[in-house]
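Working notes for the structure below.
The values are calculated or read from the model by the stated rules, or taken from the named source; none is laboratory data. Everything quoted here is computed from the prediction, not taken from an experiment. Ideal geometry is used to build each Cβ from the backbone, glycine not excepted, and the neighbour counts take in all protein chains shown. What goes into the accessible areas is simple: the full protein's heavy atoms, side chains included, and nothing from ligands, DNA or RNA. Shrake-Rupley method; radii C 1.70, N 1.55, O 1.52, S 1.80 Å.
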Amino acid sequence: MKRIKCECGHVNPEGTVLCEACGKPIEENQHIDGNDKKKLLNMRYDGTARRSQTYNKSIVDKIWSFFSSVKVGVWLIVLALIASAIGSIFPQEQYIPADAASRDPAIFYEERYGIFGLIFYQLGFHNLYSSWWYMILIALIGVSLVICSLDRFVPLFKALRNQKAKRHETFLNRQRLFSETDEVTNEDLESVKQGLKNQRYKLTEEDGHILAEKGRFSRWGPYVNHIGLIIILLAALLRTTPLFYMDEYVWVREGEQVVLPGTDQAYYIENKDFIIENHNPNDERFEEAIAEEGGEVPSNYQTNVAIYQAQEPEVTGAEPELQKIIDSNIRMNQPAKFDGYAVYQSGYQLNEFSSMSFKIHETDDPDEDALGSFTVDLTSPESEYELENGFRVEVTNYYPDYYLDDNGEPASETNYPRNPAFVMMVHPPDGSEPEISFLGIGKNIDATGENDYKVGITNFETHDVSGLSIRKDYSLPYFLVGAIIFMIGVIQGMYWQHRRVWIRPKDNGILLAAHTNKNWHGVTKDIEKSISGTNVNMVKDQQELDE
Amino acid sequence: MSSNNLIELSGTLLYTAFFLYLIATVFFSFTIGNKRKSDGKAGKIGITLTIIGFLSQFAYFITRWMGSGHAPVSNLFEFMTFFGMAIVLGFIIIYFIYKLSVLGLFALPVALIIIAYASMFPTEVSPLIPSLQSHWLYIHVTTVSLAQGILTISFVAGLIYLIRQVDQTKTTKQTTWLEITIYSLILFVGFILASTLFNVMNYNATFEYPTTGNTTVETEYHMPAIAGPTDGTLLTDGVMEPWFETPGWMHGADAGRKFNTLIWSFIFGTGLYLLLRLVFRKRIGAAIQPLVKNAKPDLLDEIGYRAVAIGFPVFTLGGLIFAAIWAEEAWGRFWGWDPKEVWALITWFFYAAYLHLRLSRGWHGEKSAWLAVVGFAIIMFNLIVVNLVLAGLHSYA
């Protein structure tokens, strides 16, 4: 390796721009930071030798240089930004509204948004954020984060550790803030030093050369926050495995007990009651707003549940014994939590029919006296009902959620008993020909008009259904740790700055120069305070305004 | 005090704050001719009034909270008002670091426009729906809002920088974009003018239009219908017939009415802009350039950068981390690619890119200032367009 020996005696690695020890610019390397024609020094990373700027032969070097460029990093961020924006033009697949005529993405996008919707769908933008290319984009940002950080952190850390108080004259006079004072008394110098100390600068002295430094730790902020981001990206990777993340949904009727999906049959849940409450429309505070909303604003969705754990049955194959572990009232923002699982209130269906009772009477009986009656359990209807007095009723068709389809044929919209309807064959006890009846809510149709017997609905019972999400997410702590580290790093880097002031004796006077990585206003004020009452000249801002 | 009295009091306090900001702006304008660094009496009075105004608005926030029983950040009016307050707070913080009065001359009017804009939406206290009943509502919303307020100061500094630095002696890309920026701000004023005018006239026209699933709904227009609802019928007699129908591809709740409001905002905004051009007989940017000639560009540049440096961590905390924690509590997923979440991420990406670009040469000064303008546009897009157009879990009103 070709090392560069500076006139101060320090040996710098190849590619160094400013001597690590004394800061003297290494003239033949100024082009590396694009700084060959500038008066001011480019102080980025303190002019250290960065791998990416030094080696460019092998393919590894080239990849390294590519990803270590901030420009490339910014481009990746901008691409991710544009891609994210595109995905928000139309709803993503999971946000296709429930009231859409068709929720099939192949139909929905074109039907609602026309040609642009069709293109959106065909390009796969309806699942943009889980597409392979979006993932790759985010992964590339991750790679860029790692390489950028390593490329800069290592040399910068070495340079700041090796820095000397004694700096070369050109290093000082080519700083942005610089002044030269011809005559400075010892008292004045002491006063300046004291002034710097009072502002919590750490002073290092070497043969009358002074380095005053504070907030160096803020230089590590970017690297700390990048570590946080990498942890978050790794956590996101973990979360794609079922070991760390599980997401299920289940509908549970009131009174029903079901196994919780995604728990390997280990847990059961019982829906004891579903409660929906509205805000009081007469509440003086909200009267107007509630009236505007049509009189009903929900205040609570709640499912009261009991959760059971299945015990290993003593005989293999036998029903497991259930042991209750918690009773819980699950509400929005208040999930039930147990053994690493969380159950959320996510949906509801009011007034599903649980059972319907019917009676048979003679069609021309004005009193409609019951000749027989039966009850259909709508969650498990039987195909035939034998009545006590010899009638037999055959349920030939059952539509749990009845509607007339496009062809005018009866059909069921869902499998849930929300609007049950039946086609029933009534077999009279005398063995005569069976009669057909069509029955539903508010419908009782005698298709032939010649039926001797009529079936009527006498009673029904309803229940509510709760939609519950079940989640297990062991990746959360990693995300949290990543987020905390990111916040520490970003605060460390943004709310503190690394300020340095150099004083170099020259004849009877001094050279004074300063550098900060951010907040020049702050460091200028520091110097102003430190030199007040002395005849040391205030530093001039030599910034070359925008090129 | 009963809750309704408290809510009434809170309304008065908000008006008070509004007028104090207005007067403070006037005092900041007196500092223009001043060449010295400290701005003398006018500046001191300006900042004092700003602080009293802020305290008054803070009292509005607290009394409304006490009156309604929940933090007033739950609908568009409350949220935008809070955002206005955050801008003022951001300005006060930056003012005490840099003591630059001209910042107040622009920051306060931006806050005033935001607050006036907010009050054009329904201002009644609304009860909280179940998904909003969480402490995270105010922890998340206030933090994001504060961050956006601070980031807005970077826009204000950038805007002043551009007004100061863009060469107005000839027409260039820069002068055109600067005019577009100013014109966009004036559009908000146009919206406020149109809403207020038709509100005073008590204009009302009812339409009926079909929605999905063979149902029809009624909608009330409070501005004369230039664009009626798609396939809508006018039910009110003796009012203006719509000139055309809202195109069918515009969806969402009340797309027609919102589109019509947008048209009126453009009419009034453009009218106002042209009037100003007529009065000044030059570009607005050129007309206000003399006001800012004493501001030092490098200081403005630094303020713009500093505001992002301060605001970015706060935004990350409120807009991404707190948001994720709440989403996890409420829905069991801390991130769901809802449009609002996506646009929070976009905002974050944007300012991350800004901070990285500041590391390179050539991105200080004017380019930075333009970036600050774009950043503000993204924030406003997320506050307004995402809520009103790209409906999702966050759609209010």
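Points to keep in mind about this one:
- Residue within the stretch A:261-279 that is without any contact (Cβ under 8 Å) to a residue 24 or more places away in the chain, closer than 30 Å to A:Glu293 by Cα and not β-branched (Val, Ile, Thr) present: yes
- Which listed residue is touching a Leu at 6+ places or on another chain (Cβ under 9 Å), facing another protein chain (nearest Cβ under 8 Å) and part of a helix (DSSP H, G or I), from A:Leu81, A:Leu76: A:Leu81
- The strands (runs of 3 or more DSSP E) located wholly in the stretch A:433-484 include none with 3 or more residues which are among the basic types (Lys, Arg), over 26 Å from A:Arg253 (Cα atoms) and free of Cβ contacts under 8 Å to residues at least 12 places away in the same chain.
- Where a residue in the stretch B:167-195 is among the aliphatic types (A, V, I, L, M) and its partner, wherever it lies, is part of a helix (DSSP H, G or I) and open to solvent by 70 Å² or more (accessible area, probe 1.4 Å), with Cβ under 8 Å and at least six apart: B:Leu187/B:Phe266; B:Ala194/B:Ile267
- Matching residues, the stretch A:84-141, being among the acidic types (Asp, Glu) and either closer than 30 Å to A:His226 by Cα or assigned to a helix (DSSP H, G or I) (or both): A:Glu93, A:Glu110, A:Glu111
- Single residue of A:Glu111, A:Glu169 found to be closer than 30 Å to B:Pro247 by Cα and of a type in the set (Asp, Glu): A:Glu111
- Residue satisfying all of: in the stretch B:312-324; more than 9 Å from every other protein chain (Cβ to nearest Cβ) and buried (at least 20 other Cβ atoms within 10 Å of the Cβ); farthest from A:Gly493 (Cα to Cα) among these: B:Ala323
- First in the stretch A:167-183 and assigned to a loop (DSSP other than H, G, I, E, B), second anywhere and among the aliphatic types (A, V, I, L, M), Cβ under 6 Å, 6 or more apart: A:Arg174/A:Leu40; A:Arg174/A:Leu41; A:Gln175/A:Ala513; A:Arg176/A:Leu40
- Only residues that are of a type in the set (Val, Ile, Thr) and in a helix (DSSP H, G or I) were counted across the stretch B:103-140, and they come to 5.
- Residues of the stretch A:347-356 that are more than 14 Å from every other protein chain (Cβ to nearest Cβ) and among the aromatic types (Phe, Trp, Tyr): A:Phe353 alone.
- Residue satisfying condition, being away from chain B (no Cβ under 14 Å) and within 36 Å of the chain's Cα centre (by Cα), within set A:Val539, A:Val465, A:Val490: A:Val465
- Residues located in the stretch B:325-354, provided they are more than 7 Å from every other protein chain (Cβ to nearest Cβ), in a helix (DSSP H, G or I) and open to solvent by less than 20 Å² (accessible area, probe 1.4 Å): B:Ala327, B:Ala344, B:Thr347, B:Tyr351, B:Tyr354
- Pick from the stretch A:504-519, criterion within 14 Å of chain B (Cβ to nearest Cβ) and open to solvent by less than 40 Å² (accessible area, probe 1.4 Å), ranking: farthest from the chain's Cα centre (by Cα): A:Thr516
- Any chance A:Gly23 is on the phi > 0 side of the Ramachandran plot, buried (at least 20 other Cβ atoms within 10 Å of the Cβ), modelled with pLDDT of 85 or more and in contact with a helix residue (DSSP H, G or I) (Cβ under 8 Å, 6 or more places away or on another chain): yes
- Filter result (buried (at least 19 other Cβ atoms within 10 Å of the Cβ) and within 10 Å of chain A (Cβ to nearest Cβ)) within the stretch B:366-377: B:Ser368
- In the stretch B:262-287, the residues that are closer than 17 Å to B:Ala227 by Cβ form Cβ pairs under 7 Å with partners that are not in a helix (DSSP H, G or I), at six or more places apart or across chains, as follows: B:Ile263/B:Ile226; B:Ile263/B:Ala227; B:Trp264/B:Met223.
- Residue match in the stretch B:184-203 (condition: loosely packed, with under 14 Cβ neighbours inside 10 Å and part of a loop (DSSP other than H, G, I, E, B)): yes
- Residue in the stretch A:425-432 that is open to solvent by 20 Å² or more (accessible area, probe 1.4 Å), touching a strand residue (DSSP E or B) at 6+ places or on another chain (Cβ under 9 Å), assigned to a strand (DSSP E or B) and more than 16 Å from A:Met356 (Cβ to Cβ) present: yes
- Any chance A:Met487 is surrounded by fewer than 20 Cβ atoms within 10 Å (Cβ to Cβ) and part of a helix (DSSP H, G or I): yes
- Selection status of A:Leu404, touching a residue at least 12 places away in the same chain (Cβ under 8 Å) and either open to solvent by 40 Å² or more (accessible area, probe 1.4 Å) or of a type outside the set (Ser, Thr, Tyr) (or both): no
- Which numbered condition A:Lys193 misses (of (1) of a type in the set (D, E, K, R); (2) at pLDDT 90 or above; (3) open to solvent by 40 Å² or more (accessible area, probe 1.4 Å)): (3)
- Scanning the stretch A:49-83 for residues that are open to solvent by 30 Å² or more (accessible area, probe 1.4 Å) and of a type in the set (Val, Ile, Thr) turns up A:Thr54, A:Ile59, A:Val60, A:Ile63, A:Val78, A:Ile82.
- Search result, residues across the stretch A:26-48 that are in contact (Cβ under 8 Å) with a residue 60 or more places away in the chain and either of a type in the set (Asp, Glu) or open to solvent by less than 20 Å² (accessible area, probe 1.4 Å) (or both): A:Leu40, A:Leu41, A:Met43, A:Asp46, A:Gly47, A:Thr48
- The residues on offer are A:Leu229, A:Leu243, A:Leu233, A:Leu237, and the sole one that is under 23 Å from the mean Cα position of the chain (by Cα), open to solvent by 20 Å² or more (accessible area, probe 1.4 Å) and without any contact (Cβ under 8 Å) to a residue 40 or more places away in the chain is A:Leu237.
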